[in-house]
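The values are calculated or read from the model by the stated rules, or taken from the named source; none is laboratory data. The structure displayed is predicted, hence computed values, not measured ones. Cβ atoms come from the backbone with ideal geometry, glycine included; neighbour counts cover every protein chain shown. Side chains are part of the model used for accessible areas, which takes the heavy atoms of the whole protein and leaves out ligands, DNA and RNA. Shrake-Rupley method; radii C 1.70, N 1.55, O 1.52, S 1.80 Å.
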Amino acid sequence: MKAMTATGRTDRSVELTAVAEPRPRPNEALVKVEAYSVNRGETFQLETPPPDWRPGKDIAGLVVQAAADGSGPAAGTRVVGHPPQGGWAEYVAVPTGSLAELPDGVRAATAAALPLAGLTALRLLRAAGSAAGRSILITGASGGVGHYFVELAAAAGLEITAVSSSPERGARLRELGAARVVPTIDDAAGPFDVVLESTGGPNLPKALAKLARRGTLIWFGQASRQPVTLDFFDFFAGPESATIRHFHYADSDASYAEDLQTLVRLVAGGRLHPEIGLVADWTETAEVLTRLRDRGVRGNAVLTVA
């Protein structure tokens, strides 16, 4: 079959090559990929690709071979999936615990934008606590996780302040329910019950300073790729006795399948709206990655597989 493989080069990070078709394990279904999306973490991995690794964690398509152990969807079922890797291909083997059925009203290109960002947002909402009226600050809100989180959290009755340097993206976050959108963390008027921080570097200490006494900062990313320095005595200036919690979206008691089904249900019901910034043929993946690196794309970049 054909698949995108990592080149390790900076000028063209992937190329379309011939690879062996997947041989599914007993608990895996074989899915014919119809669309996949690009995640920031994958673009980082493409800089120094691990051995025997191929990109692709967010896919949608059609089950062509059901799992041998009898679990999961039957052959012929449209699905969205979150395989551990290898989804930028014609076919991918996906554990049935990472698949959810797609209704006819949800397009594959829409569904492919859901898994990693949607799962992260849904599980962040659980971690933050969904009691109505709680005040939450979320940094790096211009990305897919921020978009999903704001819409989910606003529907739950939380009061959200989102940090976005993009006026266009900020306007969209307001439409989705953000009470306030500010261009920088410095402009956020705390204190907040919960801070969700995903940028790292100097921004995390700034975000921490906006936290209320005994509040919680949930650290779920480091998009700046800069390490963080904290000063113990800074906590006495406001966030006294605060909790800093490391968050990894994969660490959950719910399966990917369960939470993907929740996300699909919300999309089908018009209560969650994936933001698709770019749709292209998968043969253009290398060019799309270059565009993401050099100019950015507002919303998910989705590639469709012929």
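Checked against (1) under 22 Å from the mean Cα position of the chain (by Cα); (2) open to solvent by less than 60 Å² (accessible area, probe 1.4 Å); (3) under 27 Å from SER71 (Cα atoms), GLU34 meets all criteria but (2).
Could you grab me the full set of residues in the range 185-203 that are outside any loop (DSSP other than H, G, I, E, B) and open to solvent by less than 70 Å² (accessible area, probe 1.4 Å)? Write out each step before concluding.
Keep residues of the range 185-203 that are outside any loop (DSSP other than H, G, I, E, B), which gives 185-187, 192-197, 203.
Passing the criteria: ILE185, PHE192, ASP193, VAL194, VAL195, LEU196, GLU197, ASN203.
Screening GLY269 with (1) open to solvent by 20 Å² or more (accessible area, probe 1.4 Å); (2) modelled with pLDDT of 95 or more; (3) within 16 Å of the chain's Cα centre (by Cα) gives one miss only, at (3).
Can you tell me how many residues within the range 76-93 are free of Cβ contacts under 8 Å to residues at least 60 places away in the same chain and open to solvent by 10 Å² or more (accessible area, probe 1.4 Å)? Outline the logic, then answer.
First, the residues of the range 76-93 that are free of Cβ contacts under 8 Å to residues at least 60 places away in the same chain: 76-79, 83-85, 87.
So of that shortlist, the ones also open to solvent by 10 Å² or more (accessible area, probe 1.4 Å) come out as 76-78, 84-85.
The number of residues fulfilling the criteria is 5.
What about PRO73, is it part of a loop (DSSP other than H, G, I, E, B) and open to solvent by less than 40 Å² (accessible area, probe 1.4 Å)? Spelling it out, PRO73 is indeed part of a loop (DSSP other than H, G, I, E, B) and open to solvent by less than 40 Å² (accessible area, probe 1.4 Å).
With VAL145, VAL150 as the choices, which residue is touching a residue at least 12 places away in the same chain (Cβ under 8 Å) and open to solvent by 20 Å² or more (accessible area, probe 1.4 Å)? I'd like the intermediate steps shown before the answer.
Values: VAL150 fails: open to solvent by 20 Å² or more (accessible area, probe 1.4 Å).
The match here is VAL145.
Scanning the range 12-31 for residues that are without any contact (Cβ under 8 Å) to a residue 60 or more places away in the chain and not aliphatic (A, V, I, L, M), we see that the one that is farthest from ARG225 (Cα to Cα) is PRO26.
Out of all the residues in the range 39-68, which are open to solvent by 20 Å² or more (accessible area, probe 1.4 Å), in contact with a helix residue (DSSP H, G or I) (Cβ under 8 Å, 6 or more places away or on another chain) and either at positive phi or of a type outside the set (Phe, Trp, Tyr) (or both)?
So in the range 39-68, the residues open to solvent by 20 Å² or more (accessible area, probe 1.4 Å) come out as 40-41, 43-45, 47-54, 57, 62, 64-66, 68.
Filter again for in contact with a helix residue (DSSP H, G or I) (Cβ under 8 Å, 6 or more places away or on another chain), leaving 41, 43, 53, 57.
The answer is GLY41, THR43, LYS57.
Taking ARG298, is it at pLDDT below 95, in contact with a Ser or Thr (Cβ under 9 Å, 6 or more places away or on another chain) and loosely packed, with under 14 Cβ neighbours inside 10 Å? Judged against the criteria, ARG298 is not a match.
Selection of the range 20-74 for residues being among the basic types (Lys, Arg) and farther than 24 Å from GLU258 by Cβ yields ARG23, ARG40, ARG54.
Of all residues in the range 107-162, count the ones that are assigned to a helix (DSSP H, G or I) and more than 12 Å from the chain's Cα centre (by Cα). Working first, answer last.
So in the range 107-162, the residues assigned to a helix (DSSP H, G or I) come out as 108-111, 115-128, 144-155.
Those left that are additionally more than 12 Å from the chain's Cα centre (by Cα): 108-111, 125-128, 150-155.
Within the range 107-162, residues that are assigned to a helix (DSSP H, G or I) and more than 12 Å from the chain's Cα centre (by Cα) number 14.
One residue stands out among those in the range 204-241 that are farther than 19 Å from SER130 by Cα, touching a helix residue (DSSP H, G or I) at 6+ places or on another chain (Cβ under 6 Å) and outside any loop (DSSP other than H, G, I, E, B): the one that is most open to solvent (accessible area, probe 1.4 Å), which is LYS206.
Of the residues ALA67, ALA100, ALA60, the single one that is at pLDDT 95 or above and more than 22 Å from the chain's Cα centre (by Cα) is ALA67. Is the range 17-28 home to any residue that is modelled with pLDDT of 95 or more, outside any strand (DSSP E or B) and among the β-branched types (Val, Ile, Thr)? The answer is yes, given that some residue of the range 17-28 is modelled with pLDDT of 95 or more, outside any strand (DSSP E or B) and among the β-branched types (Val, Ile, Thr). Cβ separations smaller than 8 Å between residues 6+ apart or across chains give no pair from the range 165-184 residues that are without any contact (Cβ under 8 Å) to a residue 24 or more places away in the chain and surrounded by 13 or more Cβ atoms within 10 Å (Cβ to Cβ) to residues that are of a type in the set (Phe, Trp, Tyr) and assigned to a loop (DSSP other than H, G, I, E, B).
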